[in-house]
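Throughout, read-outs are computed from the coordinates displayed, never taken from laboratory work. Just so it is clear, the model here is predicted, and its values are computed rather than measured. With ideal geometry, Cβ positions are generated from the backbone for all residues, glycine too; neighbour counts draw on all protein chains shown.
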Amino acid sequence: MSSRNERSWATGWFPAALVAMCVLSAVPVRAQTPDPAAQAMREELTRLRQEFEALKQQNAALEARLAALETTAPAAAPPAAPAQAAPAVPLPTEAAVPAGATGAGGPGGSLPVYGGANLSSKVFNPDMAVIGNVVGAAGKNDVQPSPGIRFDEAEVSFQSVVDPYARADFFLGFSPEGVSLEEGYITFTALPAGLLMKVGEMYPQFGKINTQHTHALSWVDRPLVATNFFGEDGQFHDAGVSVSKLLLNPWLFLEATGEVFSGNSSVFESHEPDQLTYAGRLRGYRDLSDAANLDIGTSVAYGHNDVGISYATTLAGVDATFRYRPLARAIYRRFLARTELMWSRRGQEDGNANAFGFYANGDYQLARRWFASVRFDYAERPGAPSLADKGVSAVVTYWPSEFSQIRGQYRRTRYAQQVTANEFLFQFQFSIGAHGAHVF
């Protein structure tokens, strides 16, 4: 009986167990079936973890190198010399080196960098420069005597971009006579119709040398035609507005300039608010070859003079400049030839007085730092055109660098009074700071 029951239990349990095993065996098989999306996500996470660990290791290595550099930054003191070889004058020690000048006290140390950590504080400061000009003369000149030596001028410049549409330039002249504003103007560079406008105190665009500052000249002095026509300084400037435009054409660079000034300068004098001075210039430039170019221009200026309210002066001029600078020898050889011809028509009580003057100049670079120049002058006097001055000059210039120059000039002048002056002029110029380029 019991055996029968056992067989019945076994017969009933076995099928149930078999079914349960089939179900259980099916569950793991379904769970092990891979999901492509999940598998790709797991692989991406694994890759990111590996990259993150690599970046952590690189960062730790960089921090270790930086700490090592900071620890070893101070230069090791040079070994002490033997007592018997000690020099008579003690060498500078670390105590003699100013703070912030690391490395300056040792023979192998690097040059100090002052304010390197504060460069960002200069973002809003303009570019500043100072140019010194020391001149002297030897010889005899009874008409226009020059001092033996004097600090003629220190030009201080402030130049900066105002905003994306304008820039500003200021030039102050410090001389024994006092301080003067040579130029101070703002230039608008993004006006409609391709116009360029300057507003402020400036040199009119008349000829070439009227716009050139003293340190940009090829001579110690200025030509006779400039001093006779423009005054003792050889330049004239005024407050006004200047507008320029490029005239596009397929042949040459062509620029037209129109200017209006207040009418008060060394040449013109306004007696009424509406008596303004007007000036204009047309300039053309063309490359003749890779090494040569030609620059020509014509200028005119009109305004009232100091004779009276109804008297005016008209100036006209023509200038030409030829430059040659071979590319293969650009730092050793160059040649420049320039001439300016000027006419003056000055209204006076006894009628109009017409005067003419010119200069012709040739510059040649002898070597990398040596330059030679020759200039011929002729100029009548606007107030008395029957009187004319003539002169010739020979100049030698030595440039130790772009920041200094030494110049000597022999000048022979035959004045209208039939007096001849023979002089030797010398000049020392030096500059510090960032001085922007002048008009080409």
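Under 8 Å for C-alpha pairs, at least 6 residues apart: give me the relative contact order for region 128-433, rounded to a whole percent.
15
Looking at the P(r) of region 260-380, how many percent of alpha-carbon pairs lie beyond 21 Å?
Numbers: 3928 of 7260 pairs.
Across region 260-380, Cα pairs with separations above 21 Å total 54 percent.
At what distance in nm do the modelled label points of GLU51 and VAL241 sit from each other, each positioned 7 Å from its Cα along Cα→Cβ?
About 6.0 nm, to one decimal.
What length, rounded to one decimal in nm, is gained on full extension from ARG150 through to SER289, with 0.36 nm per residue of separation minus their alpha-carbon distance?
Values: separation 139, 0.36 × 139 = 50.04 nm, distance 4.34 nm.
Here the segment from ARG150 to SER289 would lengthen by 45.7 nm.
What does the convex hull of the Cα atoms come to per residue for region 307-378, in Å³?
Output value, Cα hull per residue: 104 Å³.
Pop the C-beta distance of ILE296 and ALA38 into the FRET formula with R0 = 56 Å and round what comes out to the nearest 0.05.
0.10
At 7 Å along the Cα-to-beta-carbon direction for both ILE309 and GLN348, put a label point, then send me their distance in nm to one decimal.
Using points 7 Å along Cα→Cβ, the separation is 2.3 nm.
Test of understanding: ordering HIS213, HIS237 by Cβ neighbours within 10 Å, fewest first, what list do you get?
Ordered from fewest to most neighbouring Cβ atoms within 10 Å, HIS213, HIS237 come out as HIS213, HIS237.
So for region 127-188, what are the equivalent ellipsoid semi-axes in whole Å, largest first, each being the square root of 5 times an eigenvalue of the Cα gyration tensor?
Calculated on Cα positions only, the semi-axes equal 34, 11, 9 Å.
Report the relative contact order of region 400-440, percent, no decimals, based on alpha-carbon pairs under 8 angstrom and at least 6 residues apart.
Relative contact order for region 400-440 comes out at 41 percent.
Starting from the Cα-Cα distance between TYR398 and PHE158, subtract it from 0.36 nm times their residue separation and give me the gain in nm to one decimal.
83.7 nm
State the volume of the convex hull built on the alpha-carbon positions of region 166-313, expressed per residue in Å³ and rounded to an integer.
Working: hull volume 22.5 nm³, N = 148.
Dividing the Cα hull volume of region 166-313 by its residue count gives 152 Å³.
For region 239-293, what percent of Cα pairs sit more than 12 Å apart?
Of all Cα-Cα pairs in region 239-293, 71 percent lie more than 12 Å apart.
How big is the Cα convex hull of region 128-433 in projection, averaged over all directions, in nm²? If you can, show how the numbers build up before the last one.
On the way: hull surface 69.2 nm².
Averaged projected hull area, Cα only: 17.3 nm².
Using a 7 Å offset from the Cα along the Cα-to-Cβ direction at both ASN125 and ASN59, what is the distance between the two label points in nm, to one decimal?
For the pair ASN125/ASN59, the computed spacing is 3.6 nm.
Taking the Cβ of VAL199 as the center, what net charge do the other residues with Cβ under 13 Å away carry, scoring Lys and Arg +1 and Asp and Glu -1? Please report the intermediate quantities before stating the final value.
Numbers: positive: ARG167, LYS198; negative: ASP169, GLU183, GLU201, ASP238, GLU259.
Neighbourhood net charge equals -3.
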